[in-house]
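Remarks on the structure that follows.
The values are calculated or read from the model by the stated rules, or taken from the named source; none is laboratory data. Treat the numbers as computed from the prediction; the structure is a model and nothing was measured. Cβ placement follows ideal geometry from the backbone for every residue including glycine, while neighbour counts extend to all protein chains displayed.
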Amino acid sequence: MATTTENLPSATQERPIGFGRLKRKEDARFIRGKGNYLDDLRLPGMLHGAILRSPFAHARIKSIDTSRALALPGVLGVVTAKDLETLGLAWMPTISYDTQAVLAGDKVRFQHQEVAFVIATDEYIARDALPLIVVDYEPLPAVVNARKALDPDAPLIRDDKPEQTDNLATPTWEAGDEEATDRVFAQADTVITQDIIYPRCHPAPMETCGMVADFNAETGQLTLYNGNQAPHAHRTVYAHVAGLAEHMIRIIVADIGGGFGNKVPIYPGYVCAIAGSIVTGKPVKWIEDRSENLMSTGFARDYIMHASICAKDGKITGLKVDALADHGAFDSTAQPTKFPAGFFHICCGSYDLQASHVKVKAIYSNKAPGGVAYRCSFRVTEAVYLVERMTEALAVEMGVDPIELRMRSFIGPDQFPYETTTGWTYDSGNYAKTMKVAMEIAGYEELRSEQAEKRARGELMGIGISFFTEGVGAGPRKHMDILGLAMNDGADLRVHPSGQAVVSISAQTQGQGHETTFAQIVSEELGIPPEDVQVRHGDTDKSPYGLGTYGSRSTPVSGGAVAVVTRKVRDKARRIAATMLETRPEDLGWEKGRWFVKGDPEKGALIEDIARYAYSGAPMPEGMEGGLDAQVMYDPPNLTYPYGAYIAVVDIDPETAEVKVRRFIAVDDCGVRINPMIVDGQIHGGLAEGVGIALMEVLTFDESGNCLNGSFMDYLIPTALECPDFELGETVTPCPHHPLGAKGIGESSNVGSPPAIVNAVIDALRQKDPSLRHIDMPCTPDRVWAAMQGRPEPPQ
Amino acid sequence: MQTPAPCDYERATTVDGAIAALAEHGPSARILAGGHSLIPMMKLRLATPEYLIDINDLDELAFIRQDGDLIRIGAMTRHVELLSSELLARHFPVFADAERVIADPAVRNRGTIGGSLCQADPSEDLSAVCAALKAAVMVRGPRGERLIGMHEFHVGPYMTAVAADEILTEVRLLVRPGAGSAHEKVERRAGDFAILAASAAVWIDGGTYVDAGIGLGAAGPTTIDAVEAAEHLQGKAPSEELFQAAGKLAAEAAMPLADTRGPVDYKRHLAEVLTKRALHRATARALQQEA
Amino acid sequence: MQVTITINGQEVTRDVEPRLLLVHFIRDTPGLTGTHWGCDTSNCGACVVLLDGQAVKSCTTLAVMADGHEVRTVEGLEVDGQLDPVQLGFHETHALQCGFCTPGMMMTARALLDEHAAQATGGERLTDHEIRTAISGGICRCTGYKNIVAAIQWAEEYEAAHQVRQEA
């Protein structure tokens, strides 16, 4: 039947059909307090787990006496490594091909490591049992200073691995060309060298990690409820680890109270909950408290870098970096297999360098395992911090304005796609344009004038610049796998007879708004309103395979998948419409939601009509099955390369050394924006994290390996009072290879903001002491004051 | 979340009833007021009282009033009330200064001045305020009532002169002419305890100081009464040099410990700077020209 | 011991241990898991509810202390199918992402607007600083606070325009 354009629902600003500032569908439950987070789950007969953790960073376990704990009414069991050994679960593989103790058997290797698992009828009793477990420890000297980890007399941490004779976790990995780089440095006009540390910090989402494991002994079905950024990959790993059939494992992810990479690894608590459920035959809930979260789950960063940068004829020409990564007691960093240092070698930055060389090696220490987390895009945070600190220091050395140096050195818009000196192919960019927008929003010239006036009065005002290019959306199956699983994402679109649709995705939202944005992609490509598209995710039984949400993958990979699958459906719809309208497919034109006859535009078919037709008994095109659906597994041809220009303005109290971020200007280019409102929100969040990282967040340890920031009293996260009113701008340079022209955005602002703020702090301090070259993060008042006294110290 | 160990509980209906309960249950009993020092410690199992005596129903302990030349603040007065009190703002603006930077608004709705003083955390702001104001506290127990001056109140970290079977009932402040007071605090982030804090109270007559008090918070094992620094002002006229000199003396009186908030030298430096600044503002207020 | 707490206008009576935290009492009540917890040290504000109309951290309060008192949680913001202006504001300005801190933030906002309405007789609006101070006891990892401030300003405007007063 022919239908006309009058039937099409009309798009408005408020309710775009497709891309635009659509308010979020998922808000409906959250604003009513009806979210389904892990601790909200109550199952009949559910038991509670609690973990006893080691007070020592490094110690032999001589004995564990659980008898008093077992005698406490309400305690059903206390699991130790010995019990797990009988199930083959005492050790588990990590995402980086290492092994990690689920419960410590021979010795403990970091403070707060898991030693015993109590199962009780309620959480209060489970925790009451913990102090009743008596563990006899023999403390050992601890490796806390990463630089000393490879000393010949350093205690051996991983004596569980027969081939391990030292504390090297991953051998040196290199990128770039050392010889070419040395030549460039030899010919340079200006060379500076600097030690730069990116201290250990923590993603600390507001919801801690946990799991409810429910094993049904009769059916053999294991159902896991879990805040989990990569449920399909976990399922595959559990099958391997627990010796269970993968098709009998189901992971259900309801709502997650923040991920930021913290919910990517598999934690011992999960395996304990699973073991607990298998042994008791009841659901077992384990959810960690905040100190457990900070002291045992995947931390972020901890890179000690030694770098040199050089310039010739006023432009940056070369960069070399030698980095030492502290991975903690077990190597559980997450990155594609071929890139053991993640994407750190993107530290070549946004500049048209002649050569660069990067070396990274990783060591074990007596600290919690981790390293890749907290919106890092696989070490891009470390890389950008490094190159942007070095660039700013170089500008100072050359006596050149830091923006001017960047403008001269940028990769030009006509040079894209650009092959960097470390092997990246940047897709698209117009860096100078974005930098200029930032300068305009900031009022850069006026800021510099104000700074000069303030300097004359002894006031310390600083302006810091950061320009970053990052690579996100891993990735092409040829190059990128995790544990042998290609980093591709599936998508599945079914249009119902009514013309309403369900799109199933593998990406797992933790607040990014997938229920809205992915509906908008279908809406954009198929022209049905977003309220008619249900996004299904969070259940490995009901969603296609994918590698999960981290590294800003959602838009580049799952977004690409959804665009492609929707186009498949649209194409199918075209051929059905041709049959319906008795014409050929090539004679049909498309306007959102409708195929129409090019020669007679009044004649057409709405998607809903095509859908109804496809399910009816009416004849389908030759060789085509009924229904209106499609399925894809999307293999991105490349990463996407979002970029941004950031400017921070800080004021420092010259007497107390308190730092205040007065303004923060962020201009991001992430290509086409599906929902600008959600994009802005993502940026705001990462900027606040940058304020935290630059000024107050750090995990420090004393010489015995005791963690000194194990609660929110000492792991400080910015409140609304520390964050300025962020000023955002945008440029849009589409990604040439992405189906929607979109790039990832989730991590950009955490990547780009710490160097801007630290650069601003140094710029402020230099108003009084021009010789100050560098200060490491976090720029807490005491550390800033020490720098003002001429003795900037690295943390710990 | 971490959870407390088992305990028993009763809700007191009178002050004397609370005192009797304390006597009956002995050293393993604790008074529960706002609970925002005690309950966090119980959750971390740093405190494991077996018996809690909840005094939140004792309205007779919640007041701020003037009786002649005394301002009296009941022990159950909440931080939020201290912050918004017009009476205190008029006579002792140091309270509002401090309250603005104590914890956060939700905590201030529950925490009390009695609880804060008795917790005696060396970093606690109201202790520095009361020390500078030369306050006295009224304490009641089985042996009756007694008044304890702030200079004798703090005995050590988390230790006060209040006996285990006594309850602090009120804080008393003498109203004298020519008063000005201010509180300065440096913290790592809003809501944190101080890296260092300084409270200053001055009384000026005929253009010179007739009395002064300086209390330093987070400056040692207990609140520091910078007596020498305060006495240095006696009989002198205000000046920037005088504030600086007093600041130096206060820094000498400080006995800070190095911790995650900062090293000793930085804290001493803050003692000097913040004392100077607090004196400057207190003086301006006393002279009724707010800087 | 037995306690009775009026939650969102309904009396809830249960036998509890004295050590039971108010946040757990609330969350153990059917349908009331909207109040969250995020730390051990009273810093994060995810647990904020209104106790007799005041914003209070329910993780730092014992259920027995709330016996005989009134509690309002996020589930009590919507009344007779009408969303509270605070809820509308949060949705309008995209002031939530993962939603975990949101109940605590909204209850804090509700108390702030109620208190400000009672005091600001001349119709003065809350300043940016006043709003940021009011929510400084809550940590949000997702939004960077900018849109939360906007949500509260939106709700304030909405209430001024509709002269709506929410009764606690």
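Looking for whichever is at positive phi and modelled with pLDDT of 95 or more here; the options are A:ALA204, A:ALA180. Which one fits? That would be A:ALA204, the only listed residue that is at positive phi and modelled with pLDDT of 95 or more. Summed over the range C:90-132, residues that are more than 8 Å from every other protein chain (Cβ to nearest Cβ) and in a loop (DSSP other than H, G, I, E, B) total 10.
Of the residues making up the range A:119-135, just one is crowded, with 19+ Cβ neighbours inside 10 Å and among the hydroxyl-bearing types (Ser, Thr, Tyr), namely A:TYR124. Each residue in the range B:2-40 was checked for being more than 10 Å from every other protein chain (Cβ to nearest Cβ) and either part of a helix (DSSP H, G or I) or hydroxyl-bearing (Ser, Thr, Tyr) (or both), and 16 of them qualify.
Considering only the range A:75-89, I want to know if a residue exists there that is more than 26 Å from the chain's Cα centre (by Cα), among the charged types (D, E, K, R) and more than 27 Å from A:PRO283 (Cβ to Cβ). Full working, then the answer.
From the range A:75-89, those more than 26 Å from the chain's Cα centre (by Cα) are A:75-89; that's our starting set.
From what's left, among the charged types (D, E, K, R): A:82-83, A:85.
Now restrict to residues that are more than 27 Å from A:PRO283 (Cβ to Cβ): none.
No - not one qualifying residue is present in the range A:75-89.
Test A:VAL784 against the criterion of being within 11 Å of chain B (Cβ to nearest Cβ), within 28 Å of A:VAL400 (Cβ to Cβ) and assigned to a helix (DSSP H, G or I), and give yes or no. Yes; evaluated as a whole, the condition is true for this residue.
Taken over the range C:26-40, the criterion of being surrounded by fewer than 24 Cβ atoms within 10 Å (Cβ to Cβ) and at the interface with another protein chain (Cβ under 7 Å from one of its Cβ atoms) is satisfied by C:THR33 alone. Each residue in the range A:718-774 was checked for being more than 14 Å from every other protein chain (Cβ to nearest Cβ), in contact with a Cys (Cβ under 8 Å, 6 or more places away or on another chain) and buried (at least 24 other Cβ atoms within 10 Å of the Cβ), and 6 pass. Quick check: is even one residue across the range A:449-471 of a type outside the set (Val, Ile, Thr), over 12 Å from A:SER350 (Cβ atoms), free of Cβ contacts under 8 Å to residues at least 24 places away in the same chain and surrounded by 15 or more Cβ atoms within 10 Å (Cβ to Cβ)? Scanning the range A:449-471, I find at least one residue that is of a type outside the set (Val, Ile, Thr), over 12 Å from A:SER350 (Cβ atoms), free of Cβ contacts under 8 Å to residues at least 24 places away in the same chain and surrounded by 15 or more Cβ atoms within 10 Å (Cβ to Cβ), so the answer is yes.
When A:VAL372, A:VAL358, A:VAL400 are screened for being in contact with a Gly (Cβ under 9 Å, 6 or more places away or on another chain) and surrounded by fewer than 24 Cβ atoms within 10 Å (Cβ to Cβ), only A:VAL400 passes. Only residues that are farther than 17 Å from C:MET107 by Cβ and part of a loop (DSSP other than H, G, I, E, B) were counted across the range C:61-89, and they come to 4.
Of the residues making up the range A:517-527, one or more are at negative phi, in the same structural domain as A:LYS25 (by TED's automatic domain parsing), within 22 Å of the chain's Cα centre (by Cα) and of a type in the set (S, T, N, Q).
Checking each residue in the range A:502-524 for being without any contact (Cβ under 8 Å) to a residue 60 or more places away in the chain, of a type outside the set (Val, Ile, Thr) and under 24 Å from A:TYR615 (Cβ atoms) picks out A:SER504, A:PHE518. The one condition from (1) of a type in the set (D, E, K, R); (2) surrounded by fewer than 21 Cβ atoms within 10 Å (Cβ to Cβ); (3) touching a residue at least 60 places away in the same chain (Cβ under 8 Å) that B:ARG100 does not meet is (3).
How about the range C:41-60: which of its residues are surrounded by fewer than 24 Cβ atoms within 10 Å (Cβ to Cβ), more than 7 Å from every other protein chain (Cβ to nearest Cβ) and in a loop (DSSP other than H, G, I, E, B)? Hits for the range C:41-60 are C:ASP52, C:GLY53. Counting residues in the range B:170-181 that are assigned to a strand (DSSP E or B) and within 13 Å of B:ALA98 (Cα to Cα) gives one or more.
Scanning the range A:56-79 for residues that are within 26 Å of A:PHE701 (Cβ to Cβ) and surrounded by 15 or more Cβ atoms within 10 Å (Cβ to Cβ) yields A:PHE56, A:ALA57, A:HIS58, A:ALA59, A:ILE61, A:ILE64.
A count restricted to the range A:627-673 and to residues that are within 14 Å of another protein chain (Cβ to nearest Cβ), part of a loop (DSSP other than H, G, I, E, B) and touching a Leu at 6+ places or on another chain (Cβ under 7 Å) stands at 2. Checking each residue in the range A:123-150 for being in a loop (DSSP other than H, G, I, E, B) and either facing chain B (nearest Cβ under 10 Å) or closer than 18 Å to A:GLU703 by Cβ (or both) picks out A:LEU140, A:PRO141, A:ALA142, A:VAL143, A:VAL144, A:ASN145, A:ALA149, A:LEU150. Does A:HIS247 satisfy being more than 14 Å from chain C (Cβ to nearest Cβ), more than 18 Å from A:LEU89 (Cβ to Cβ) and touching a Phe, Trp or Tyr at 6+ places or on another chain (Cβ under 6 Å)? Taking the combined requirement at face value, the residue does not satisfy it. Taken over the range A:197-209, the residue count meeting the criterion of being hydrophobic (A, V, I, L, M, F, W, C), surrounded by 24 or more Cβ atoms within 10 Å (Cβ to Cβ) and closer than 21 Å to A:VAL380 by Cβ is 2. Taking residues in the range A:380-395 that are crowded, with 24+ Cβ neighbours inside 10 Å, and partners anywhere that are acidic (Asp, Glu), the pairs with Cβ atoms closer than 7 Å and at least 6 places apart or on different chains are A:VAL380/A:GLU470; A:VAL384/A:GLU470.
Could we say that A:ILE678 is in contact with a helix residue (DSSP H, G or I) (Cβ under 7 Å, 6 or more places away or on another chain), over 27 Å from A:THR780 (Cα atoms) and facing another protein chain (nearest Cβ under 9 Å) here?
Numbers: in contact with a helix residue (DSSP H, G or I) (Cβ under 7 Å, 6 or more places away or on another chain): yes; over 27 Å from A:THR780 (Cα atoms): yes; facing another protein chain (nearest Cβ under 9 Å): yes.
So A:ILE678 passes the test.
For the range B:2-14, the criterion of being β-branched (Val, Ile, Thr), touching a Lys or Arg at 6+ places or on another chain (Cβ under 6 Å) and closer than 30 Å to A:ASP39 by Cα is met by at least one residue. One residue stands out in the range B:247-291 among those that are surrounded by 23 or more Cβ atoms within 10 Å (Cβ to Cβ), in a loop (DSSP other than H, G, I, E, B) and within 14 Å of chain A (Cβ to nearest Cβ): the one that is nearest to the chain's Cα centre (by Cα), namely B:PRO256.
Any residue that is in contact with a Gly (Cβ under 9 Å, 6 or more places away or on another chain), crowded, with 24+ Cβ neighbours inside 10 Å and at pLDDT 95 or above - is there at least one of those in the range A:694-702? Before you say what the answer is, go through the steps one by one.
Of the residues in the range A:694-702, the ones in contact with a Gly (Cβ under 9 Å, 6 or more places away or on another chain) are A:699.
Restricting the remaining residues to those that are crowded, with 24+ Cβ neighbours inside 10 Å gives A:699.
Checking which are at pLDDT 95 or above leaves us with A:699.
Within the range A:694-702, one or more residues are in contact with a Gly (Cβ under 9 Å, 6 or more places away or on another chain), crowded, with 24+ Cβ neighbours inside 10 Å and at pLDDT 95 or above.
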